[in-house]
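Visitor: Shown below is the structure under consideration.
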2 protein chains.
Amino acid sequence: MGRWEPNARGRLEQAALDLYQERGFEQTTVTEIAERVGLTERTFFRYFADKREVLFGGQDMLLNIYVSTIEAAPASATPLDAVAAALEAAIPVFRGRHELVRQRQAVIAANPELQEREMLKRAVLTSAIAGALRSRGVPALEASIAAEVGAITFKIAFDRWVSEPDEQDLSRLTRESLDLLKGIVAGT
Amino acid sequence: MGRWEPNARGRLEQAALDLYQERGFEQTTVTEIAERVGLTERTFFRYFADKREVLFGGQDMLLNIYVSTIEAAPASATPLDAVAAALEAAIPVFRGRHELVRQRQAVIAANPELQEREMLKRAVLTSAIAGALRSRGVPALEASIAAEVGAITFKIAFDRWVSEPDEQDLSRLTRESLDLLKGIVAGT
């Protein structure tokens, strides 16, 4: 069933992002994406359920990393420590993908429907973090707040990381973002 | 033109929310909303641009309150103090509207498109708060973080307020939410 294509997934992803940027997300078809790299529509659907999944397929991986890291945090960790560890554990997902992520964000910024989808994705991840904290015995309200604090910490760091043309250390940006947040909340 | 109708706006809003809950948002027409309270479509459009505006028309008012309160905060106020004052200033907008707001949230919860619109509304408000802080000379990054902290403080309080069948003091819930957040961030 179809011969093996070296890095078909990566090539399809790059072709999709290029086309979404050139023509717009709505105007691009799966056939065009596959043709751009000499593959078939059928090969595309082996890797992605649809053309939106090229942009949002990473959600499940992030969710698993967040939840499993919070579950594995030592009992002595505060809720915010556990959340900070989860954010840190997910950083390798982004490493070396700076240019692809920048392209992805540009595509999303150009399309209100994708922006809304992106916000929904963030809400789902935040809610999964809160759920993982509750499983550790953190009361619901505190769990939600710690999850939201983690979400904005990462959002601020991620937006900085994306806005820079050169790849910065996302881990350092995340720690800086959390330190700034702590200072602001402490009123210093 | 058209004779004056006492509280036409409020009656249309209530009828719209009732119909959105009974039939679903998509399935309800403006004609049906107007007919339910013996008014015309034309009267509806005097108050609302479309049926979504019944749900989201309050956004501009909140935005004005937030921005003007932050502008008016004393020079000595920290960014978070200014944001907390803005949240407090907007609370009268919700007072006495608990039942309507609960209905509104139930309608939004039942419709993914409206949920995404609601998230976009919150993002717009958060961004306006950050802009108002920057106008006070707060550096961009700190402004964004303080705005996001304000947004989650209010979101947590608002979700509690909506989830209770009886109307709680939203001002108290907001202060409690901020105090909890401070404790979590301080790691206590």
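Visitor: Out of the residues in the range A:114-140 that are part of a helix (DSSP H, G or I), more than 28 Å from A:ARG104 (Cβ to Cβ) and open to solvent by 50 Å² or more (accessible area, probe 1.4 Å), state the one that is farthest from the other protein chains (Cβ to nearest Cβ).
Guide: Selected residue: A:SER135.
Visitor: Related question: Return only the number of the condition from (1) surrounded by 18 or more Cβ atoms within 10 Å (Cβ to Cβ); (2) out of contact with any helix residue (DSSP H, G or I) (no Cβ under 6 Å at 6 or more places or on another chain); (3) of a type outside the set (Ser, Thr, Tyr) that A:ASN64 does not satisfy.
Guide: So A:ASN64 meets the others, but not (1).
Visitor: So for the range A:178-188 (the condition being among the polar types (S, T, N, Q) and in a helix (DSSP H, G or I)), does at least one residue qualify?
Guide: No, the range A:178-188 contains no residue that is among the polar types (S, T, N, Q) and in a helix (DSSP H, G or I).
Visitor: Something else about it: May I ask you to list the residues in the range B:57-75 that are modelled with pLDDT of 95 or more and out of contact with any Leu (no Cβ under 9 Å at 6 or more places or on another chain)?
Guide: B:ASN64, B:ILE65, B:VAL67, B:SER68, B:GLU71, B:ALA72, B:ALA73, B:PRO74
Visitor: Any residue in the range B:29-37 that is assigned to a loop (DSSP other than H, G, I, E, B) and touching a residue at least 24 places away in the same chain (Cβ under 8 Å)?
Guide: Checked the range B:29-37: at least one residue is assigned to a loop (DSSP other than H, G, I, E, B) and touching a residue at least 24 places away in the same chain (Cβ under 8 Å).
Visitor: Which of the numbered conditions does A:ALA77 fail, given that it passes all the others? Conditions: (1) over 20 Å from A:ILE152 (Cβ atoms); (2) not in a helix (DSSP H, G or I).
Guide: It is condition (1) that A:ALA77 fails.
Visitor: Here's another thing I want to ask about it. Select from the range A:98-113 the residues that are away from chain B (no Cβ under 14 Å) and crowded, with 16+ Cβ neighbours inside 10 Å and list them in ascending order.
Guide: Of everything in the range A:98-113, those that are away from chain B (no Cβ under 14 Å) and crowded, with 16+ Cβ neighbours inside 10 Å turn out to be A:HIS98, A:VAL101, A:ARG102, A:GLN103, A:ARG104, A:GLN105, A:VAL107.
Visitor: If a residue has to be more than 10 Å from every other protein chain (Cβ to nearest Cβ) and open to solvent by 80 Å² or more (accessible area, probe 1.4 Å) to count, how many in the range A:165-188 make the cut?
Guide: Final tally of qualifying residues: 6.
Visitor: Oh, and also: Would you point out the residue of the range B:46-74, among those that are under 12 Å from the mean Cα position of the chain (by Cα) and in a loop (DSSP other than H, G, I, E, B), that is nearest to B:LEU19 (Cα to Cα)?
Guide: B:GLY57
The values are calculated or read from the model by the stated rules, or taken from the named source; none is laboratory data. Only a predicted model underlies this, so the values are computations on that prediction, with no experimental measurement involved. Virtual Cβ from ideal backbone geometry, glycine too; neighbours counted across all protein chains shown. Each accessible area value is taken on the protein alone, full model and side chains, heavy atoms only, with ligands, DNA and RNA left out. Shrake-Rupley method; radii C 1.70, N 1.55, O 1.52, S 1.80 Å.
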